[in-house]
Amino acid sequence: MIIIIELLIWTFEFLLLKNIVMRNVSNVYSVVFVSFVCISCIFDFNDVFLPNVMRRVHAFHLVPSRKFDRNKQVTNKSFLQMSVSISSSTTATVPRFLSDFERSQSLMPSIVEQALIHGDEKNVNAQDLLHRLDMTPKEREVAMMALHDENPDQHLLNVPSLLSNLECKRLRNFIDSKIMVKQQGDFGMDDVDHCPDFQIHMTETKLRKILGKNTMDQLLQVPCQLMDQNQKHHSDTMSGDDWQDGNNVGIFLRRYEPDARPWMPFHLDQNAFTVNVALNSDSEFEGGRLLALYSNQIEIIPRNEGDVTCHRGSVVHGVSCITQGCRYSMILFFH
């Protein structure tokens, strides 16, 4: 309604201005009026018209929306109205990374959004979801075999409490200290969704210094435990010695928040094994669950602080939308 009124006012001012110009009136009152019209148009556009348009642009999505408050709590079940709540002030601007995730959600197939954003994975058929993911035919074939394998234990392993609470706290503090000094544009774009990754890379030497030799060695041996469960399915050339010294292992730490990185889409990792360490418990945040496609369904993997989940590169996985709190994890890619 405000936009319509503004357009009518502008039309009236334009007609008056045109009348003055056509009659070639040059008295002081005309000059003052012309100046007033120009200034009025500029201020109206910046302070009224543009903000209202932007609010409608951000609100115009084909999915339901949810609203975030300053305590990072969600009042309903969608993500995209974050921009509306932010732009409710005419001087506010939407952070770039939020726009990135809005774009990512707007491109999601509805079945993916249902499982990942709305937390309704129990009512989603895993095979149907897999067919809607963007992957090559070969990747889809591998993922489908892992999904329907009669022996799911060969694809995923959970190791409880491998890291102590103190070790997890040290790593959380490390993430916070690094992210705090980073500017918005300093984050890289994740290969999965091309959105800011909110992750901190770490060397094996630095991690060994934080965890100690014994814990680090146990962490590097987790893929071997998964291989030992079903040795008959794997080549004899695969050995934990390849990773014992930290070579061929990529390490990074990630923080999830509702107004930063809220989720991780379903995807396949381009490596042999992935080790995912929970640096805090599921009970400390809402949403943010580790999801995996195996055992013929979408599995929610419950995790406590210090738990380790290891899975093969053939397992499609993701992290559901976090709606409150902060989720910390450490990822090791075994190539």
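The values are calculated or read from the model by the stated rules, or taken from the named source; none is laboratory data. As the structure is a computational prediction, the values presented were derived from the model and not from experiment. Quick reminder, even Gly has a Cβ in these numbers, built from the backbone with ideal geometry, and neighbours come from all protein chains shown.
Within segment 136-161, restricting attention to residues that are part of a helix (DSSP H, G or I) and among the acidic types (Asp, Glu), which residue is farthest from VAL192 (Cα to Cα)?
ASP153
Determine which member of the set ASP149, ASP153, ASP120 is surrounded by fewer than 19 Cβ atoms within 10 Å (Cβ to Cβ), among the acidic types (Asp, Glu) and not assigned by TED's automatic domain parsing to the domain that holds PRO262.
Going through ASP149, ASP153, ASP120 in turn, just one is surrounded by fewer than 19 Cβ atoms within 10 Å (Cβ to Cβ), among the acidic types (Asp, Glu) and not assigned by TED's automatic domain parsing to the domain that holds PRO262: ASP120.
Of everything in segment 177-192 that's in a helix (DSSP H, G or I) and surrounded by 15 or more Cβ atoms within 10 Å (Cβ to Cβ), which residue is modelled with the lowest pLDDT?
In this case the residue turns out to be ILE179.
Pairs needed: first member in segment 202-216, charged (D, E, K, R); second member anywhere, surrounded by 12 or more Cβ atoms within 10 Å (Cβ to Cβ); C-beta distance under 8 Å; at least 6 residues apart or different chains.
From residues that are charged (D, E, K, R), the pairs are GLU204/MET216; GLU204/GLY246; GLU204/VAL249; GLU204/ILE251; ARG208/MET216; ARG208/GLY246.
Could you grab me the full set of residues in segment 193-211 that are more than 17 Å from VAL249 (Cβ to Cβ) and surrounded by fewer than 16 Cβ atoms within 10 Å (Cβ to Cβ)?
HIS194
If you go through segment 207-260 one residue at a time, how many are part of a helix (DSSP H, G or I) and modelled with pLDDT of 90 or more?
The total comes to 18.
How about segment 114-131: which of its residues are in contact with a Phe, Trp or Tyr (Cβ under 9 Å, 6 or more places away or on another chain) and assigned to a helix (DSSP H, G or I)?
ALA115, LEU116, ALA126, LEU129, LEU130
For every residue, the table says whether it meets (1) surrounded by 14 or more Cβ atoms within 10 Å (Cβ to Cβ); (2) touching a residue at least 12 places away in the same chain (Cβ under 8 Å).
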residue: VAL112; (1), (2): yes, yes
residue: ALA115; (1), (2): yes, yes
residue: VAL124; (1), (2): yes, yes
residue: LEU130; (1), (2): yes, yes
residue: ARG140; (1), (2): yes, no
residue: MET145; (1), (2): no, yes
